[in-house]
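> Pasting a structure here, questions to come.
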Amino acid sequence: MKTQQTDITPRERILRTAAELFYHQGYRATGINEVIARSGVAKATFYNNFPSKDDLCLAYLQDRNTSEYEAIVASVHDHDTPRQRFMAVMQSLQPWLEANRLRGCAFLHMVAEVPDPGHMLREEGIKHYQSLRQFIRGLAEDLIASDPEAYGRLNADILTDDYLVILGGAIAMTEIYQDLWPVAQAVVLIERLIASESHVPENRQTCLSP
């Protein structure tokens, strides 16, 4: 059955259809002919917009990168204090995962389907998490500066690394278990990070690029 999308351009119909199929059933499991049929466009129209399946998937990931990043930023800016904003990234996971039926991260899915680390689709995933990483780093710096007595012992780079790893793990474990308890636990772990007096081991180094 063709998807009814009459008020948007053919390119946007193709992208929306592909986004649904790639995200919910997988990139490799989705063929171009299925995207064409579901989006209701001619084959020539498809190839005029997207020369290959990889080009279509790249556009899908780029759109998702932008929309997810903007949603996170908006969620964070709804809060008043540096501490609330720092916690807000992790706290935004639960409603996002619920809206996606616990399906998880499109960029982590792509890693599993595209083994070549230099592939452009994998590189788009790196861009997504690097943008998020730098955003969290800014929040960490703001948190530390807001109360040097309480947070001055923290290292912004290490705190960022820990945050990102916990966040990624929570997303993956939520999809595996099909349950939200990993997200709840992740919020607790972030609370512990900024409360612990022993957060920064003397011999630990960060891998975050400046």
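> Among the listed residues T174, T206, which satisfies the condition of being at pLDDT below 95 and of a type outside the set (K, R)?
The match here is T206.
> List every residue pair whose Cβ atoms sit under 7 Å apart, with the two residues 6 or more apart in sequence or on different chains, where the first one lies in region 17-29 and is within 15 Å of D54 (Cβ to Cβ) and the second, anywhere, is hydrophobic (A, V, I, L, M, F, W, C) and at pLDDT below 95.
Partner pairs satisfying both residue conditions: Y27/M110.
Table: residues versus (1) part of a helix (DSSP H, G or I); (2) surrounded by fewer than 16 Cβ atoms within 10 Å (Cβ to Cβ); (3) within 11 Å of the chain's Cα centre (by Cα).
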| position | (1), (2), (3) |
| --- | --- |
| P95 | yes, yes, no |
| F107 | yes, no, yes |
| M110 | yes, no, no |
| P115 | no, yes, no |
| I126 | yes, yes, yes |
| Y129 | yes, no, yes |
| R133 | yes, no, yes |
| L139 | yes, no, no |
| I144 | yes, no, no |
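The values are calculated or read from the model by the stated rules, or taken from the named source; none is laboratory data. Only a predicted model underlies this, so the values are computations on that prediction, with no experimental measurement involved. Counting neighbours? That spans all protein chains shown, and the Cβs are built from the backbone with ideal geometry, glycine included.
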